[in-house]
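Reviewing the structure listed below.
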Amino acid sequence: MNLVVGVGLRAGTSYRELRDLVAATVAEAGSGRVRILITVEGRETEPGVQRLAASLGAELQTVAPAELRRQHVPSPSERVERLAGTPSVAEAAVLSTGAELVVSKQKSEQATAAVGRLLSAPGYAPGERSVVHRVIAERRDVRQGFVDRAIPDDVLTRVLESAHRAPSVGLSQPWDFLLIREIATRRKIHDLASAQRDAFAESLPEVRRKQFDGLKIEAILDTPLNIAVTCDAGRGGRHVLGRHADPRTTWFSAAIAIQNLWLAARAEGLGVGWVSFFEPGEVGAVLDLPAHIELVGYLCVGYVEEFAPAPELVRSGWAARRPLAWAVHHESWGNRGLPGVEPTSIVADAEEAAAHLDRGAPGEGAPGTSAVGGSAPSPNPQSVRVVVGGEPADYLGRADTVVVQLGEKPAADFGVLWRPVRDAVEGVETGVELVRDLVLQGVTEIVVRVIEGGDVAAAVGRGLRVGARACGAGWSDEPVELSDSSA
Ligand SMILES: Cc1cc2nc3c(=O)[nH]c(=O)nc-3n(C[C@H](O)[C@H](O)[C@H](O)COP(=O)(O)O)c2cc1C
């Protein structure tokens, strides 16, 4: 049995006192090996505690008082609360590791101890765990505020080592990292990105283009180092384990290496900006890549003045984060909700939110709307026409239009959304989800145009209207006969 021992102690408690107390407490647990010795932050420097951990052969962990206060313990003490600011140290420390308490608090003159049983392999200590979650939350795509400071080789090596430790299909490790510092090369790459930036701007509706003009999308010349991360789809030869049925796994592996790099860089205080305004082959030509090596990501890396608290695209109002509850489905597609929360359908959520808004309470956190800003007026009103059915070619000349195709899979085009809806219920859901996605991308008004006949297309139209109301977006119907010629 793997055990955790929690100890609380006054400063200066001797090793001998701690050893005897812990030995007696552990004996009550029966057999088992102490894997973790845990105490409140600050007490880990006590010589008695350090010696005890060493003699037990246990990992010494600490836990913050706030985390201790969150635990429900069987023997809370007012006295301990007065002294330590938490009603329990020993028992709460055990519980904070996720262990099951098997021996409740035992006391000596200056110390307390409790024992828990680990139900599975131990995770990291709470403080270390929170650092991992913190670096994930505070990683940013950085495109401005780089400072003129060289990246030491050892720092860069650590970051690349983390990237290189990424999981990969069949351990094929399909990535390579091309370090680019030469200004002449970076200028050529910058020219490619600028051309793609112009092309993208050209493709946008006017309101969106103005907004885009204010966004910086790369830092190729502002950073001392660019890293091109590549993928060799044939790495590992013919029989790479796990790749045979899904070749995409090779590119997934390279992308995961980039995420590792990004996180490690953040921990080192290095900003990373991923630039994808490229046709990959053009970058490959500038970098003289062998023809079988493909670009996966182009990264601009350097020290920065600061890391923004939220994504640049969120802060500028370009896009919003999608709530996690929308992305988690239970057992089958559509039963959404966080673990432990009764799943709901997005149609029910949207209907409720829309009814809430209809009752005249917009912007008050109606269900389903809070995360996308309810009906607060946007400084960048953006209208999108959603055409359900019809011939995509008739509409795609208009930058403010998306066409929803319900039947056969259409030719790939970002302006055409293929939604092979099977019945009216799915149709409403599809409409609601589509509006939610558009609103997250800054759309404030939906113009609904249902061209295709039948229940399913009508249901999509209904979903679009309900979704718009639920998200606090404006909406209108565009009659087919009147506007046919304007398309
Ligand atoms: C595959 C990929 C390509 C990206 N390409 C660009 C890009 O060309 N220009 C840019 O400014 N940001 C780019 N980004 C950064 C995203 O805009 C950014 O990750 C997103 O807005 C979330 O912000 P955060 O990374 O700061 O959390 C890219 C990100 C990924 C994952």
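The values are calculated or read from the model by the stated rules, or taken from the named source; none is laboratory data. Remember, it's a predicted structure, so these values are computed and weren't measured experimentally. Here the Cβ is made from the backbone with ideal geometry for all residues, glycine too, and neighbour counts use every protein chain on show. Just so you know, the surface numbers come from the protein's heavy atoms only, side chains and all, with ligands and any DNA or RNA stripped out. Shrake-Rupley method; radii C 1.70, N 1.55, O 1.52, S 1.80 Å.
Counting only helices (runs of 4 or more DSSP H) that fall entirely inside the stretch 395-487 and contain at least 2 residues that are over 25 Å from residue 355 (Cα atoms) and over 31 Å from the mean Cα position of the chain (by Cα), the qualifying elements are 480-483.
Among helices (runs of 4 or more DSSP H) entirely within the stretch 260-362, having at least 3 residues that are within 26 Å of the chain's Cα centre (by Cα) and farther than 30 Å from residue 149 by Cα singles out 324-327, 346-358. Filtering the stretch 90-130 to residues that are in a helix (DSSP H, G or I) and at pLDDT below 95 leaves 96, 126, 127, 128, 129, 130. Of all residues in the stretch 110-127, exactly one satisfies the criterion of being among the hydroxyl-bearing types (Ser, Thr, Tyr) and surrounded by 19 or more Cβ atoms within 10 Å (Cβ to Cβ), namely 112.
Taking the criterion of being of a type in the set (A, V, I, L, M), open to solvent by less than 60 Å² (accessible area, probe 1.4 Å) and in a helix (DSSP H, G or I), the residues of the stretch 54-72 that qualify are 56, 66, 68.
Out of the stretch 244-258, which residues are in contact (Cβ under 8 Å) with a residue 60 or more places away in the chain and either touching a Pro at 6+ places or on another chain (Cβ under 7 Å) or among the charged types (D, E, K, R) (or both)? Within the stretch 244-258, 250, 253, 254, 256 qualify. Here is the figure for the stretch 232-259: residues that are within 16 Å of the chain's Cα centre (by Cα) and not in a helix (DSSP H, G or I) total 0.
Looking for something open to solvent by 60 Å² or more (accessible area, probe 1.4 Å), hydrophobic (A, V, I, L, M, F, W, C), at pLDDT 95 or above and in a helix (DSSP H, G or I) - is there at least one such residue anywhere in the stretch 73-89? No, the stretch 73-89 has no match at all. Candidates in the stretch 298-309 are the residues that are in contact with a strand residue (DSSP E or B) (Cβ under 8 Å, 6 or more places away or on another chain) and of a type in the set (A, V, I, L, M); of these, the one that is nearest to the ligand (Cβ to nearest atom) is 299.
In this structure, does residue 28 turn out to be assigned by TED's automatic domain parsing to the domain that holds residue 116, open to solvent by 40 Å² or more (accessible area, probe 1.4 Å) and under 15 Å from residue 125 (Cα atoms)? Against the criterion (assigned by TED's automatic domain parsing to the domain that holds residue 116, open to solvent by 40 Å² or more (accessible area, probe 1.4 Å) and under 15 Å from residue 125 (Cα atoms)), residue 28 does not qualify.
When the stretch 310-342 is filtered for residues that are in contact (Cβ under 8 Å) with a residue 12 or more places away in the chain and within 16 Å of the ligand (Cβ to nearest atom), the ones remaining, listed by number, are 311, 312, 313, 316, 317, 318, 319, 320, 321, 322, 323, 324.
Residue-wise test of (1) in contact with a His (Cβ under 6 Å, 6 or more places away or on another chain); (2) more than 30 Å from residue 173 (Cα to Cα); (3) at pLDDT 95 or above; (4) within 16 Å of the ligand (Cβ to nearest atom).
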residue: 204; (1), (2), (3), (4): no, yes, yes, yes
residue: 234; (1), (2), (3), (4): no, no, yes, no
residue: 248; (1), (2), (3), (4): no, no, yes, yes
residue: 252; (1), (2), (3), (4): no, no, yes, yes
residue: 255; (1), (2), (3), (4): no, no, yes, yes
residue: 258; (1), (2), (3), (4): no, no, yes, yes
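Can you pull out every residue in the stretch 96-109 that is in contact (Cβ under 8 Å) with a residue 40 or more places away in the chain, under 20 Å from residue 120 (Cβ atoms) and open to solvent by 40 Å² or more (accessible area, probe 1.4 Å)? If the condition is that a residue be in contact (Cβ under 8 Å) with a residue 40 or more places away in the chain, under 20 Å from residue 120 (Cβ atoms) and open to solvent by 40 Å² or more (accessible area, probe 1.4 Å), then 102 is the only one that fits. Being in contact (Cβ under 8 Å) with a residue 24 or more places away in the chain and surrounded by fewer than 15 Cβ atoms within 10 Å (Cβ to Cβ) holds for only one residue in 241, 270, 225, 261, and it is 241.
Checked against (1) in contact with a strand residue (DSSP E or B) (Cβ under 6 Å, 6 or more places away or on another chain); (2) aliphatic (A, V, I, L, M); (3) free of Cβ contacts under 8 Å to residues at least 24 places away in the same chain, residue 83 passes all but condition (1). In the stretch 1-18 there is at least one residue that is within 38 Å of the chain's Cα centre (by Cα) and either basic (Lys, Arg) or more than 26 Å from residue 130 (Cβ to Cβ) (or both).
Just to check your reading of the model, which residue among 188, 210, 216 is surrounded by fewer than 20 Cβ atoms within 10 Å (Cβ to Cβ) and within 13 Å of the ligand (Cβ to nearest atom)? Step through it out loud before you land on a result.
Numbers: 188 fails: within 13 Å of the ligand (Cβ to nearest atom); 210 fails: within 13 Å of the ligand (Cβ to nearest atom).
Step by step, each of 188, 210, 216 is checked, and only 216 is surrounded by fewer than 20 Cβ atoms within 10 Å (Cβ to Cβ) and within 13 Å of the ligand (Cβ to nearest atom).
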